[in-house]
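*Asks:* Just dropping this structure here.
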Amino acid sequence: MELGKNRLITVLSIDGGGVRGIIPGVILAYLESQLQKLDGGDARLAHYFDVIAGTSTGGLMTAMLTAPDEKKRPLFAARDINKFYLDNCPKIFPQNRCKFLRALWGPKYDGKYLHRLVEEKLGDKKLDQTLTNVVIPTFDIKNLQPTIFSSFQVKQNPSLNAMLSDICIATSAAPTYLPAHYFQTKDVNGKVTREFNLIDGGVAANNPALVAIGEVTKEIIEGSPDFVPIKPLEYDRFLVISLGTGNPKTPKYSAHEAAKWGILGWLASNGSTPLVDVFNQAGADMVHLHLSIVFEALSSQETYLRIQDDTLHGKTSSLDGASRKNLNELVEIGEKLLKKPVSRVNLDTGTYQPCSHETNAEALERFAKLLSQQKKRGGGDNVTDKA
């Protein structure tokens, strides 16, 4: 179907961050509640976004929000995501004193509980069954290339049509935390079509917003009828909500510390993994900086929203701090974040600074109205008619 004259392409993006996914979980629940106020209690996020993208813990949320249940409705409502995290994170990341020693010769966690849980919840559902388009980055360590599981690409490349459970396990396989994931895809005759050797998508795109926009742009370049009459790089036709999982309040490491580190220091210091933290945060902030400048240059900053917290410290900044106390604190951080002003990262200081008089909650309420209008303008569904 063609987009209407004023129809926007709607994108939801969720960063990686382990247990810190609870923070965007709070934001997602609030956004969905605002949509339900406008359109009724059956409203679900998958009905409003043309693309939902997620990396690592964000990839798991993406699958939860878009995988169909037996009634072809989203498997999870947004309000249910954090209950899932609160109930299961302590079992995914059991808190014991042997983690550091275990990490010297293998991943901190064996991943068995996570694998069983994801397989149980998602069953045999595959990428092509999601209720709206999804984009979930991973990284293939055998080919040393990103592998993007995209609803758009799977149409031309059926070998990417993996089970959602395998995709979620792969995109969550953070180096030193969880084991790399191997799986195969097969054709209807049971013949292997492709092998995957994957780790956490965060090493390639911890903030997957730009990857999602890139996937849509490729569709536009290739003449997809779903996106007529939009032109490539017409970013002012995008509505983007990008959710982060939090930054440390102050620099966790100093050059004086890091100058003394060898392999073990970069892999384990102050209860965290500096190398993973640096790669994840650098990529996420650069994507945000790029998009905020592009949208501002096009006078479209009102349709780009990045919500991120930079006050995390101690256990709240870790990927695997799954104690009950820490998980509850993350919920509180997400709730307080709603009341904070919309902000943008300052690369000179590494902190987020207010750039609007709106609070994040007020911005989400405004975006909910835009999303509701867009859905009605598009004839009741998103542009691909998947929802």
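The values are calculated or read from the model by the stated rules, or taken from the named source; none is laboratory data. This is a predicted model, so every value here is computed, not measured. Every residue, glycine among them, receives a Cβ derived from its backbone with ideal geometry; neighbour counts consider all protein chains shown. Keep in mind that these areas ignore ligands, DNA and RNA; they rest on the heavy atoms of the full protein, side chains included. Shrake-Rupley method; radii C 1.70, N 1.55, O 1.52, S 1.80 Å.
*Asks:* Give or take rounding to whole Å, what are the principal axis extents of the alpha carbon atoms in the range 84-191, in descending order?
*Replies:* 47, 32, 25
*Asks:* OK, next. In whole percent, and with a 1.4 Å probe on the protein chains, what portion of the accessible area of the chain is carbon and sulfur?
*Replies:* Roughly 55 percent of what the probe reaches on the chain is carbon or sulfur.
*Asks:* Once amide H atoms are placed 1.01 Å from N in the peptide plane, what residues at a sequence separation of 5 or more from residue 356, or on another chain, have their amide H within under 5 Å of its amide H?
*Replies:* It is 342, by chain and number.
*Asks:* Can I ask one more? With Cβ to Cβ distances under 15 Å as the rule, what net charge do the other residues near residue 369 carry (K, R +1; D, E -1)?
*Replies:* Working: positive: 37, 366, 375, 376, 377; negative: 32, 39, 302, 358, 362, 365.
Value of the local net charge: -1.
*Asks:* Of the DSSP beta bridges with both residues in the chain, give the percent that are antiparallel, rounding to the nearest 5.
*Replies:* In the chain, approximately 55 percent of DSSP beta bridges are antiparallel ones.
*Asks:* Can you report the principal axis dimensions of the range 1-96 using only the alpha carbons, biggest first, rounded to whole angstrom?
*Replies:* Between the extreme Cα coordinates on each principal axis of the range 1-96 lie 57, 25, 25 Å.
*Asks:* In whole Hz and in residue order, list the ³J(HN,Hα) couplings for the range 204-216 that follow from phi through the Karplus curve 6.51 cos²θ - 1.76 cosθ + 1.60, θ = phi - 60°; x for Gly and Pro.
*Replies:* 10, 7, 5, 9, x, 4, 5, 4, 4, 5, x, 5, 5
*Asks:* Collect residues whose amide H, placed 1.01 Å from N in the peptide plane, falls under 5 Å from the amide H of residue 306; neighbours closer than 5 in sequence don't count.
*Replies:* Those qualifying (amide H under 5 Å, at least 5 residues apart or on another chain) are 242.
*Asks:* Sum -39500 (n - 2.57) across every DSSP H segment of at least 4 residues in the chain, then divide by the residue count to get the 222 nm mean residue ellipticity, nearest 500.
*Replies:* Result for the chain: -12500 deg cm²/dmol, rounded to the nearest 500.
*Asks:* Where in the range 62-93 does the amide nitrogen come within less than 12 Å of the point 7 Å from the Cα of residue 116, taken along Cα to Cβ?
*Replies:* 91-92
*Asks:* So what's the net charge close to residue 300: Lys and Arg +1, Asp and Glu -1, counting the other residues with Cβ under 12 Å from its Cβ? Spell out each step's value before the answer.
*Replies:* Values: positive: 237; negative: 234, 236, 296, 302.
Taking every other residue near residue 300 into account, the sum is -3.
*Asks:* Given C-alpha coordinates of the range 208-365, what is the ratio Rg to Rh with the Kirkwood estimate of Rh?
*Replies:* Ratio of gyration radius to Kirkwood radius for the range 208-365: 1.03.
*Asks:* Still on this structure, please answer the following. Take the Cα radius of gyration of the chain and divide it by 2.2 N^0.38 Å, with N its residue count; two decimals is plenty.
*Replies:* 0.94
*Asks:* Extending each Cα 7 Å along its Cβ direction at residue 155 and residue 351, get the distance between those two points in nm, one decimal.
*Replies:* The answer from the label model is 4.6 nm.
*Asks:* Set the Förster radius R0 to 56 Å, insert the Cβ-Cβ distance between residue 266 and residue 236 as r into 1/(1 + (r/R0)^6), and round the FRET efficiency to 0.05.
*Replies:* Numbers: r = 41 Å, r/R0 = 0.74.
Once the sixth-power term is evaluated, E becomes 0.85.
*Asks:* I would also like to ask the following. Only Cα pairs under 8 Å and at least 6 apart count here; give the relative contact order of the chain as a rounded whole percent.
*Replies:* 25
*Asks:* Could you please state, rounded to a whole Å, how far the C-alpha centre of the range 51-67 is from the C-alpha centre of the range 203-246?
*Replies:* When both Cα centres are located, 16 Å separates them.
*Asks:* Over the range 184-266, what portion of Cα pair distances is larger than 21 Å, expressed as a whole percent?
*Replies:* On the way: 2184 of 3403 pairs.
Summing the P(r) tail past 21 Å for the range 184-266 gives 64 percent.
*Asks:* What pairs from 37/340; 315/336; 91/186; 71/376; 125/155; 121/142 go past 26 Å between their alpha carbons?
*Replies:* 91/186; 121/142
*Asks:* Which order do peptides 184-195, 207-218 fall in by mean Cβ count within 10 Å, highest first?
*Replies:* 207-218, 184-195
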